[in-house]
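Q: My questions all concern the structure below.
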């Protein structure tokens with residue numbers, strides 16, 4: 001697949017997440033771009049290799065297109081009258097940053113389970129003196145992205 | 001990356017996981033990083049970043065210690 005089409009598919013994935021809160025399936029990409037499902041799956045694999053999105057192991061299903069999660073997580077973000085799931089604490093702020101929208105974020109303290117609620121309004125964040133911890137340095141993130 | 005209600009709770013968690021110290025952000029600091037990192041993510045022209053561009057973002061945030069070196 002040519003380079004421009006590959007990045008068009010990447011843009012479609014993000015647009016789809018923003019509009020529907022979920023990842024497009026490979027057959028939806030195939031239909032949108034008039035390609036076979038096999039070609040759409042190969043495009044997903046290529047984008048995964050380039051860290052433009054991340055697939056569930058041995059599938060053509062999107063697990064993450066950061067900051068969006070393709071599966072439900074404990075990091076819930078309400079924005080633009082929709083509810084998104086983020087991949088982690090950072091990505092929960094990443095969703096309003098990417099969408100340039102207001103947002104309400106609900107998550108939990110990893111140790112106590114206490115609710116943590118944040119609000120983003122007019123590109124300012126309010127509402128918590130919580131802390132966010134990064135365990136793994138960026139240079140090691142892609143060794144195991146789910147453990148960062 | 002995980003939320004913690006306090007540094008005390010984080011330290012309890014680190015002990016329970018036998019984990020190293022990692023890096024800690026306040027919410028305003030993380031919001032600033034999020035804006036720098038994700039502000040152009042929805043653009044069709046976003047094709048990822050080079051390691052140099054990533055390092056520039058960390059440097060601009062004052063994240064210059066060993067944890068942030070690529």
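The values are calculated or read from the model by the stated rules, or taken from the named source; none is laboratory data. From a predicted model like this one, the values you see are computed outputs, not experimental measurements. No Cβ is skipped: glycine too gets one built from the backbone with ideal geometry, and neighbour counts run over all protein chains shown.
Q: Looking at (1) in contact with a helix residue (DSSP H, G or I) (Cβ under 7 Å, 6 or more places away or on another chain); (2) modelled with pLDDT of 95 or more, find the lone condition where residue B:47 falls short.
A: Residue B:47 satisfies all of (1) in contact with a helix residue (DSSP H, G or I) (Cβ under 7 Å, 6 or more places away or on another chain); (2) modelled with pLDDT of 95 or more except (2).
Q: Find the helices (runs of 4 or more DSSP H) located wholly in chain B whose residues include 1 or more that are at the interface with chain A (Cβ under 7 Å from one of its Cβ atoms) and either surrounded by fewer than 16 Cβ atoms within 10 Å (Cβ to Cβ) or touching a strand residue (DSSP E or B) at 6+ places or on another chain (Cβ under 9 Å) (or both), and list them. Explain how you work it out, then say what you get.
A: Working: elements: B:7-17, B:27-38, B:51-60.
Here the list reads B:7-17, B:27-38.
Q: When you check residue A:29 against the structure, is it in the same structural domain as residue A:99 (by TED's automatic domain parsing) and within 25 Å of residue A:95 (Cα to Cα), yes or no? Talk me through it step by step, then tell me what you get.
A: On the way: in the same structural domain as residue A:99 (by TED's automatic domain parsing): no; within 25 Å of residue A:95 (Cα to Cα): yes.
Answer is no for this residue.
Q: Then there's this: Listed residues A:45, A:39; which is free of Cβ contacts under 8 Å to residues at least 24 places away in the same chain and either closer than 16 Å to residue B:41 by Cβ or not in a strand (DSSP E or B) (or both)? I'd like the intermediate steps shown before the answer.
A: Details: A:39 fails: free of Cβ contacts under 8 Å to residues at least 24 places away in the same chain.
Testing whether each residue is free of Cβ contacts under 8 Å to residues at least 24 places away in the same chain and either closer than 16 Å to residue B:41 by Cβ or not in a strand (DSSP E or B) (or both) leaves just A:45.
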